[in-house]
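A.B. asks: I am attaching a structure below and will ask some questions about it afterwards.
The values are calculated or read from the model by the stated rules, or taken from the named source; none is laboratory data. In this text the structure is predicted, and so the values were computed from the model without any measurement. No Cβ is skipped: glycine too gets one built from the backbone with ideal geometry, and neighbour counts run over all protein chains shown. Ligands, DNA and RNA are excluded from the accessible area calculation, which covers all protein heavy atoms including side chains. Shrake-Rupley method; radii C 1.70, N 1.55, O 1.52, S 1.80 Å.
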Amino acid sequence: MTSVSAGESRKVAEAARQKDWALPSFGKELFLGHFRLELIFPQPRLDPEMVRKGEAFLTRMRAFLETKVDPAQIERDARIPTEVIDGLKELGALGMKIPEEYGGLGLSQVYYNQVLALVGSWHPSLSALLSAHQSIGVGEPLLLFGTEEQRRQWLPLVARTHISAFLLTEPDVGSDPARLATVAIPTEDGSGYRITGEKLWASNGNIADVAVVMAKVPKGEGHRGGISAFIVPYHDEGVIVEHRNTFMGLRGMDNSLTRFQDVFVPKTHLIGSEGHGLRVALSTLNTGRLSLPGIQAGTAKWATKIAREFASQRVQWGKPVGQHDEVAQKIAFIAASAFGLEAMVDVASRLADEKRNDVRIEAALAKLYASELCWQVVDELVQVCGGRGYETAESLRGRGERPLIVEQVMRDTRVYRIFEGTSQMMHLSTAREAVDQHLRVAGRLIAPDATLREKAKALAPAAWFYARWLPRLAVGRGQRPGAYGEFGKLAPHLRFAERSSRKLARSTFYGMARWQGGLEDKQAYLARLVDIGAELFALSSAVVYARTIRRESPDRAGQVEDLADLFCRQARRRVERLFHELWANNDSANHELALRVLDGQDRWLEEGIMDPSGDGAWPGQPPDGHATREGGAPGSPRGDAGKKQGPKSEAPAASPVGAGAAAPRPSQGDHQ
């Protein structure tokens, strides 16, 4: 186990961040209290050639799924058949995001996400395979950071024949990459490196032909050192797949524990330069994360279909169950959420395709928001379907009923709150980006380790910034009754978003002023700030997308406006609750109790039960390790918010937040 201090972990993560903002960002401005609707409206029109290619591929993919893929077989066998994988290769599905000049299809982000939504609705293990291969696998890092020689060598392969994987997570390394133990030792003759280490939860790891592997290069003469990214052919000597991991859901996904035993990698397989591995990973995820919201939007649309069909046919107490008010409320939530997710994905995807905006915050918000909202959607669908939502499809088929896969989808959906960064880490990394401007102007003013000289030096620029910024948060366009009138009945929602954006910025400032450098430890507060930002982005996207559909499909205008209106109403209620809970909460009491539980002081509460999981090592212990303290594992209690608890190679976190300013915030209720 690698021993690393919190300060070292923060330094590593901070160094990997993309620090410049060369392009405008709707999300960045939103958190600063500037509601710049012009950055997302009007949406750019889709390129006709991209539409032609995308629609043609969707047609081919649908036909392939219907005729060549049995989703029930994937679920029964817990594997994707070899002939299905071969069929995806022949179809060109491995190269959807790779440009045509390198042998790929060159689909837009919009259509890439639509394909993943379609594939995921047939069986999510298929979309997991394609997403892991293209969103974070070999292709995207090479397009961003690879040399032309690397692109010419590898992109045609991963576009057609070679399945790729991404390997960062280790048994003791989740969202804290500073603990990375896998090493890449430079060879004496300078021809390359020898990689030794172990990687966990590698999606596609059992079937991969090539992988991006993160390993730490020791610092030495001629070597900058640090975490670096390498292209590693999976069939090279010393690459050993030790175990196929299996999970609650996504039963067809191939996921591995892989060991590297003195694996030689030529220096031409280094992506970028030494020490830039985390930057490669984070930059890849800026758009790579959009694939998961695309899949989840498809799940929500499928849930709407099942809810409509089931609740209109199942009759109780003299009428279809969907007409009973409590069930009707759930159906409305499912349908409105499906529209909101589709809108958010479409807006973010068009921004990514246009390449005129920095989408790192938008992609992160979409991933976080979709994973949380889609889980609620599926949970409500199970309730709508009752016992048939809980019963397996095989059991339903066995007794002659329609084999609904609601139970399976619930198992499959749960992992998205963990994939590519847990929701906890998405809150922290997004909050870090949201307060970036504040840290630039006032970071040293409130840093715990800053000297008086450093604080004095930071005071003047901070005072100048806040003297100009704070007054602008007092009034805005959202206070004018007729503002955004061109959006008709949806205009009030944009006025709400503009007002709330300024309130969000003020709340961020109040938190910084109250806790200063300690803000990074107030994770529940930060999570609510980020969730408010996500809701406002989703609400804005729904309004903008409704106008786009009105332009592109006028016959749907009325229905779309009603859906957008209801989604925005639901989102507004969630925002109002989150604002209230910023200052009226039980966060301090919750945290204190959690520490007491971790310390074993309430073990009496565990009396009267039995634990069938037996003995075994906890994360960070050797295989024969065991807990030595009554309260749990050896050492002081520590939360596991940053520890990955699911199958996909985890996204590295941006550094935790620490910021501050200079004005007190009156306390309200039980807060931190």
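A.B. asks: Rounding to the nearest 20 debye, state how big the charge dipole of the chain is about its Cα centre with +1 on each Lys and Arg Cβ and -1 on each Asp and Glu Cβ.
C.D. replies: 2460
A.B. asks: Counting only residues 5 or more places away or on other chains, whose amide H sits under 5 Å from the amide H of Glu198 once H atoms are built in the peptide plane?
C.D. replies: So Glu198 has HN proximity to Thr182, Phe260.
A.B. asks: Can you give the direction-averaged projected area of the convex hull of the alpha-carbon atoms in region 57-141, in nm²?
C.D. replies: 5.2
A.B. asks: Just the C-alpha atoms of the chain: what Rg/Rh do they give, with Rh taken as the Kirkwood radius?
C.D. replies: Looking at the chain, the ratio lands at 0.96.
A.B. asks: Given H placed 1.01 Å from N in the peptide plane, which residues other than close sequence neighbours of Gly192 have an amide H under 5 Å from its amide H?
C.D. replies: Under 5 Å from the amide H of Gly192: Thr187, Lys267.
A.B. asks: Accessible area of region 1-132 with a 1.4 Å probe: how many percent of it is carbon plus sulfur?
C.D. replies: Carbon and sulfur: 54 percent of the exposed surface of region 1-132.
A.B. asks: Can you check what the net charge comes to around Ala462, using other residues whose Cβ is under 11 Å from the Cβ of Ala462 (Lys, Arg +1; Asp, Glu -1)?
C.D. replies: Residues close to Ala462 contribute a combined charge of +4.
A.B. asks: Still on this structure, I have one more. Residue by residue through region 331-342, which ³J(HN,Hα) values in whole Hz follow from phi under the Karplus form 6.51 cos²θ - 1.76 cosθ + 1.60 (θ = phi - 60°), with glycine and proline marked x?
C.D. replies: Coupling constants for region 331-342: 5, 5, 4, 4, 5, 5, 5, 4, 5, x, 5, 4 Hz.
A.B. asks: Rank His493, His162 by accessible area, highest first, at a 1.4 Å probe radius?
C.D. replies: His162, His493
A.B. asks: What spacing in nm lies between the two simple spin-label points modelled at Gln313 and Thr187, each 7 Å away from Cα in the Cβ direction?
C.D. replies: Result: 6.3 nm between the two label points.
A.B. asks: Tell me, what % of the accessible area of region 290-401 is carbon and sulfur with a 1.4 angstrom probe?
C.D. replies: The nonpolar share, carbon plus sulfur, comes to 50 percent.
A.B. asks: Here is a follow-up. Within the chain, which is the longest segment that contains none of the GluC sites (Glu not before Pro) sitting in a DSSP loop with at most 14 other Cβ atoms within 10 Å?
C.D. replies: Longest run free of exposed loop sites: 402-606.
A.B. asks: Quick check: residue separation of Lys11 and Thr451 times 0.36 nm, minus the Cα distance between them. What number comes out in nm?
C.D. replies: 156.5 nm
A.B. asks: Between Ile240 and Ala463, what is the label-point separation in nm under the 7 Å Cα-to-beta-carbon projection?
C.D. replies: With each label placed 7 Å out from Cα toward Cβ, I get 6.5 nm.
A.B. asks: Across all directions of projection, what mean area in square nanometres is found for the Cα convex hull of region 210-274?
C.D. replies: 5.5
A.B. asks: Compute the distance from the alpha-carbon center of region 350-372 to that of region 421-469, in whole Å.
C.D. replies: So the separation of the two Cα centres works out to 24 Å.
A.B. asks: Could you tell me which of rounded, prolate or oblate describes region 128-194, using a ≥ b ≥ c as the square roots of the eigenvalues of the alpha-carbon gyration tensor, with rounded for a/c under 1.5 and, failing that, prolate when a/b is larger than b/c and oblate otherwise?
C.D. replies: Since a/c reaches 1.5 but b/c is at least a/b, the shape of region 128-194 is classed as oblate.
A.B. asks: Cβ under 13 Å from Ala571's Cβ, Ala571 left aside: what net charge do those residues give with Lys, Arg +1 and Asp, Glu -1?
C.D. replies: That sum, taken over residues with Cβ under 13 Å, equals 0.
A.B. asks: Separate question: Ranked from the most accessible area to the least, with a 1.4 Å probe and all protein chains present, what is the order of Arg528, Arg62, Arg502?
C.D. replies: Arg62, Arg528, Arg502
A.B. asks: Here's something else I'd like to know. In whole Hz, with x marking every Gly and Pro, tabulate ³J(HN,Hα) for region 591-607 from phi via Karplus 6.51 cos²θ - 1.76 cosθ + 1.60, θ = phi - 60°.
C.D. replies: 5, 4, 5, 4, 5, 5, 5, 4, 7, x, 6, 10, 5, 4, 5, 8, 5
A.B. asks: 5 Å is the cut-off here: which amide hydrogens, built 1.01 Å from N in the peptide plane, fall below it relative to His243, excluding neighbours closer than 5 in sequence?
C.D. replies: It is Leu257, by chain and number.
A.B. asks: Mean 1/r over all different Cα pairs, inverted: what Kirkwood radius does region 388-455 give, in Å?
C.D. replies: Value: 16.3 Å, from the Cα pair sum.
A.B. asks: Here is a follow-up. Using alpha-carbon positions, what is the distance between the centroids of region 21-96 and region 261-284, in Å?
C.D. replies: 27
A.B. asks: Using a 1.4 Å probe, what is the accessible area per residue for the chain, in Å²?
C.D. replies: Accessible area per residue: 43 Å².
A.B. asks: Oh, and also: Could you calculate the FRET efficiency of Gln479 with Asp47 from 1/(1 + (r/R0)^6), where r is the beta carbon distance between them and R0 is 35 Å, rounded to 0.05?
C.D. replies: About 0.35, to the nearest 0.05.
A.B. asks: Considering Cα pairs under 8 angstrom that are at least six residues apart, work out the relative contact order of the chain and quote it in whole percent.
C.D. replies: Dividing the mean separation by the residue count of the chain yields 17 percent.
A.B. asks: Quick one: 3J(HN,Hα) in Hz for region 412-427, Karplus 6.51/-1.76/1.60 with θ = phi - 60°, rounded, Gly and Pro as x.
C.D. replies: So the J values, rounded to whole Hz, are 5, 6, 4, 5, 5, 7, 10, 3, 6, x, 4, 4, 4, 6, 5, 4.
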